[in-house]
Ligand SMILES: Cc1cc2nc3c(=O)[nH]c(=O)nc-3n(C[C@H](O)[C@H](O)[C@H](O)COP(=O)(O)OP(=O)(O)OC[C@H]3O[C@@H](n4cnc5c(N)ncnc54)[C@H](O)[C@@H]3O)c2cc1C
């Protein structure tokens, strides 16, 4: 049976849904194990067991976070060898993809990014060309490295849980020698809203908000949603670039995506068209966003959004 290693960087006090998705996919491919970095809380270890992890690998050194990604790739390469894994699964974040690329070079492994589904034989389905095509790919190398987009599948615990033991993986002494060390970190003020890439609901605003994200924020808060934006809105400085969704921004795949004052250019669609339900609010009935919307409202967002917010609040009260 194929050994599948899931990399979880800093699992924190509770596992993210994206990590549970990776474990669910790992079980469909073979025998799952987890290589983590950072602290492992007891609850997290129990959840990893509930999702079928047969073994947990930890690095011999606790300072991997003091460097950019190089040493993490070295650790993961050593973990793959210790676990005798033939498949590695990671998230699809920019950092995880960089680790995957470096790991691919170290192991001579095929790397497939932007994966949205994996067949039991390891064939990966990925979304390409700004999301307008999907392709299938399979690595022909002894080890395959796949970076999987979050919200690709519904996480599912194993029928029979495990109580996995922890194995320490020796990180090569050379791993940190020629790596860039992080010299300072400044934490961004927390918004209190869910993480955009993981959110179940996203409310996004575009040029149509004309500098006023207030109605978008109010609706997002009524729904417990994250806030996204088109590039026109981020370029105008109305909201931070980390809110940008699209080809050159984040890719989101929420259950519900509400698009307000966004025309629906191909580069914007690339980041959101896999949302389960798309609701578009635009005052131009000819706007291309209506081509992919499940529900369309032709109207002024400054009238439509506050009405929706008021109704949602009323029903929640
Ligand atoms: C290489 C490249 C990469 C790019 N990457 C991205 C990307 O990652 N993400 C991205 O979003 N774009 C990206 N773009 C830009 C993209 O092509 C569009 O220019 C951009 O998405 C337009 O943003 P918008 O829809 O907010 O603005 P517009 O196209 O100007 O549309 C504004 C919309 O708001 C509507 N509107 C105006 N006022 C109201 C109102 N009061 N109520 C309701 N509706 C109203 C209008 O009818 C219009 O449809 C990229 C472009 C290039 C070339």
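Remarks
- Rg to Rh, two decimals, where region 85-126 supplies the alpha carbon set and Rh follows Kirkwood: 0.94
- The relative contact order of region 196-316 comes to 25 percent, based on Cα pairs under 8 Å that sit 6 or more residues apart.
- Ordered from longest to shortest, the equivalent ellipsoid semi-axes for region 171-225 are 39, 14, 11 Å, each the square root of 5 times a Cα gyration tensor eigenvalue.
- The Rg/Rh ratio of the chain, with both radii computed over alpha carbons and Rh defined as the Kirkwood radius, is 1.01.
- Choice from 187, 217, 291 with maximal GNM fluctuation in the chain (Cα, 10 Å cutoff): 187
- Anisotropy class of region 276-317 from Cα gyration tensor, a/c 1.5 cut: oblate
- Region 193-233 versus region 32-94: alpha-carbon centroid distance in Å: 33
- Residue order, fewest to most beta carbons within 10 Å, for 68, 76, 23, 256: 68, 256, 23, 76
- Angle between the chain longest axis and helix 17-29 axis [Cα atoms, degrees, rounded to 10]: 50
- For a paramagnetic label modelled on residue 307 (point 7 Å from Cα along Cα→Cβ), amide N atoms under 20 Å away belong, within region 221-263, to 221-223, 257-262.
- Gaussian network model of the chain, Cα within-10 Å springs - most flexible of 222, 55, 18: 222
- Length-normalised contact order of the chain in % [C-alpha pairs under 8 Å, at least 6 apart]: 15
- Its Kirkwood hydrodynamic radius, worked out from the mean inverse distance over all distinct Cα pairs, puts region 1-124 at 14.4 Å.
- Beta bridge orientation in the chain: antiparallel %, DSSP, nearest 5: 15
- Amide N proximity, region 1-33 versus residue 153 label position 7 Å along Cα-to-Cβ, cut-off under 12 Å: 20-32
- Every Cα-Cα pair in region 196-316 was counted, and those over 20 Å apart are 31% of them.
- Packing-based order for 106-119, 139-152, using average beta carbon neighbours within 10 Å, highest first: 139-152, 106-119
- Shape category assigned to region 72-223 from the gyration tensor of Cα positions, a/c cut at 1.5: prolate
- Placing a label point 7 Å from the Cα of residue 183 along the Cα-to-Cβ direction, the residues of region 39-69 whose backbone N falls under 20 Å from that point are 64-69.
- Rounded to the nearest 10 degrees, the inclination of helix 301-316 to the longest alpha-carbon principal axis of the chain is 70 degrees.
- Relative contact order for region 59-170, counting Cα pairs under 8 Å that sit 6 or more residues apart, in percent: 31
Each reported figure results from applying straightforward, stated rules to the coordinates on display, with no laboratory input. Everything quoted here is computed from the prediction, not taken from an experiment. Every residue, glycine among them, receives a Cβ derived from its backbone with ideal geometry; neighbour counts consider all protein chains shown.
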